[in-house]
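The values are calculated or read from the model by the stated rules, or taken from the named source; none is laboratory data. Not measured: the values here are computed from a predicted model. Cβ: placed from backbone, ideal geometry, glycine included. Neighbour counts: every protein chain shown. Heads up: the accessible areas ignore ligands, DNA and RNA and are worked out on the full protein's heavy atoms, side chains in. Shrake-Rupley method; radii C 1.70, N 1.55, O 1.52, S 1.80 Å.
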Amino acid sequence: MASLSVKPGQRFTLPDWQNNSILISADAEQQRYNSHHIRQEGRALRNETGNQARWDEQNSRTHLKDRIACVDKWREALARCLTEIDLEIDALTKVKEAAENAIQAKNLCLDVAIECLTLRESRRDIDVVRDPVEEELLREVQVIEKTKKELQQRVDDAFRQLCLLKEARQQVISDHKHKVEALELDRQCMSFNPTSGNISFKVNPTRIPDGSTALSEWEQNSRCNKERAEAEIKASVDLRGAITLSIAQTNNELDAQRIATEFALRKRMRDMEAALNELRWQEQNTLDEIAEMEEEIRQLEEDIRKRTLDLKVAHTRLETRTYRPHIELCRDQAQYGLTDEVQQLEGIIRALQQKRTESQDALDALYRQLHRIRTDIGYKTNSLQLDNKCMDTRRKLVVSVEKFEPEVDAVNRTRDLPRKSQLELA
């Protein structure tokens, strides 16, 4: 006979089953409620964090854009400043070279002045005089030395200013280079997005790197570099103006002195030519007088010869009449006349001989004076030739300086100037 199979274990009552179903339903509803609440909170959080992240990213992008604009503005300012510095360095270099060329031109002027002084040292005797030409030449040497010293000081100032400009330029170049690199990095940062392939986690990305500076310090550094460059450019512009003015002033001063020297030289040459003309006139007159004096001496000697013959005749007559016989040897009028004639002729001859002696002395004096005149003409002709050589030498000064090669370096130039005792003319 079959038996009833009963499952072992606890048996629950119907209320228990109902309560269990109710509890399960209640728990399910509570879990659904909790899940819905969490979902709502998660959605709100997602929305909030998404918005915050997008805002932060947009804010960071805006800050990067502003930073890029600021750095780029400074980069452009430094680039303009760098261009201005380069232009100013070129301009100052050209002005410096112009000053050096002016110094070289002064070397030619100095050589010409010294050559003129040396040429005029060849004057002789009375023409070795301290005349206005020599004073102007010595003054010209002093003016040239002074202008060379002033120009050399300007060249030294230009060299120092070029060093300052190049130093400021190096700082601007360095600052400009750093800003270009910073711009490249910030623009690279602008290009990053969540889909970029080169993004990754970094170790301690929020650390403050060594050597970091404050924004005010960064801006102050850029401003200082720019202001220093502008200050050096302004100083260079002022120096260029001063150098140009110095070149013009020294050229004007030297031109004025050159004109004064050449004026004195021309006046001296005119005076020398006038003196030569006077001496030649005196020479010709002296030669004419010598010719007349020689003719006069010949006439005197001829008269002496004639009077001597007359005296011989008178003597012979008187001697012959001494041989008259006896009473005929009387002192008659003929005797007295012959005696008077002899005495007269002897006086005439003595007077003629005295005059001939005086005339010969005068002729000798004329010859000495003629020699003196001709010697002085030689001195003055030599001096005039020397002054003409000086004028020929000074023609170099009106030729373009570029056609003359400087004999030595304008800065390290050495020369042998005449000693003061050599420049002192007797």
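Out of the residues in the stretch 29-52 that are open to solvent by less than 100 Å² (accessible area, probe 1.4 Å) and more than 30 Å from PRO194 (Cα to Cα), state the one that is farthest from the chain's Cα centre (by Cα).
Checking each candidate, the answer is GLN30.
Name the single residue that is nearest to LEU276 (Cα to Cα) among those in the stretch 120-148 being open to solvent by 40 Å² or more (accessible area, probe 1.4 Å) and assigned to a helix (DSSP H, G or I).
By that ranking, first place goes to ILE126.
Please give the number of the condition GLY211 fails out of (1) exposed (fewer than 10 other Cβ atoms within 10 Å of the Cβ); (2) under 53 Å from the mean Cα position of the chain (by Cα); (3) modelled with pLDDT of 85 or more.
(3)
Looking at ARG139, ARG67, ARG75, which one is closer than 30 Å to MET269 by Cβ and basic (Lys, Arg)?
None of the other options fit; the residue is ARG139.
Residues being more than 17 Å from LYS267 (Cα to Cα), in contact (Cβ under 8 Å) with a residue 12 or more places away in the chain and open to solvent by 60 Å² or more (accessible area, probe 1.4 Å): count how many of those fall in the stretch 347-393.
Within the stretch 347-393, residues that are more than 17 Å from LYS267 (Cα to Cα), in contact (Cβ under 8 Å) with a residue 12 or more places away in the chain and open to solvent by 60 Å² or more (accessible area, probe 1.4 Å) number 8.
Every residue in the stretch 138-193 that is in contact with a helix residue (DSSP H, G or I) (Cβ under 6 Å, 6 or more places away or on another chain) and hydroxyl-bearing (Ser, Thr, Tyr), please.
Within the stretch 138-193, THR147 is the sole residue that qualifies.
So which residues in the stretch 263-309 are closer than 25 Å to ARG374 by Cα and of a type in the set (Gly, Ala, Ser)?
ALA274, ALA275, ALA291
Among the residues of the stretch 162-185, count how many are open to solvent by 70 Å² or more (accessible area, probe 1.4 Å) and either touching an Asp or Glu at 6+ places or on another chain (Cβ under 8 Å) or of a type in the set (D, E, K, R) (or both).
6
Conditions tested, residue by residue: (1) of a type outside the set (D, E, K, R); (2) closer than 30 Å to ILE233 by Cβ; (3) assigned to a helix (DSSP H, G or I).
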| site | (1), (2), (3) |
| --- | --- |
| ARG32 | no, no, yes |
| HIS37 | yes, no, yes |
| THR62 | yes, no, yes |
| LEU92 | yes, yes, yes |
| LEU110 | yes, no, yes |
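Per-residue answers, yes or no, for (1) aromatic (Phe, Trp, Tyr); (2) touching a residue at least 40 places away in the same chain (Cβ under 8 Å); (3) within 30 Å of LYS166 (Cβ to Cβ):
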residue	(1), (2), (3)
GLU29	no, no, no
HIS36	no, no, no
ALA44	no, no, no
ALA53	no, no, no
GLU57	no, no, no
THR62	no, no, no
LYS73	no, no, yes
LEU82	no, yes, yes
ASP86	no, yes, yes
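Among all residue pairs at least 6 apart or on different chains, which show Cβ distances below 8 Å where the first residue, located in the stretch 245-272, is open to solvent by 20 Å² or more (accessible area, probe 1.4 Å) and the second is not aromatic (Phe, Trp, Tyr) and not in a helix (DSSP H, G or I)?
Close Cβ pairs (under 8 Å, with a partner that is not aromatic (Phe, Trp, Tyr) and not in a helix (DSSP H, G or I)) amount to ARG268/ASP131.
Residues are listed down the side, and each one gets a yes or a no for (1) surrounded by fewer than 16 Cβ atoms within 10 Å (Cβ to Cβ); (2) touching a strand residue (DSSP E or B) at 6+ places or on another chain (Cβ under 7 Å); (3) modelled with pLDDT under 90:
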residue: ASN59; (1), (2), (3): yes, no, yes
residue: ASP72; (1), (2), (3): no, no, no
residue: ARG75; (1), (2), (3): no, no, no
residue: LEU78; (1), (2), (3): no, no, no
residue: ILE85; (1), (2), (3): no, no, no
residue: LEU92; (1), (2), (3): no, no, no
residue: VAL95; (1), (2), (3): no, no, no
residue: GLU100; (1), (2), (3): no, no, no
residue: LEU110; (1), (2), (3): no, no, yes
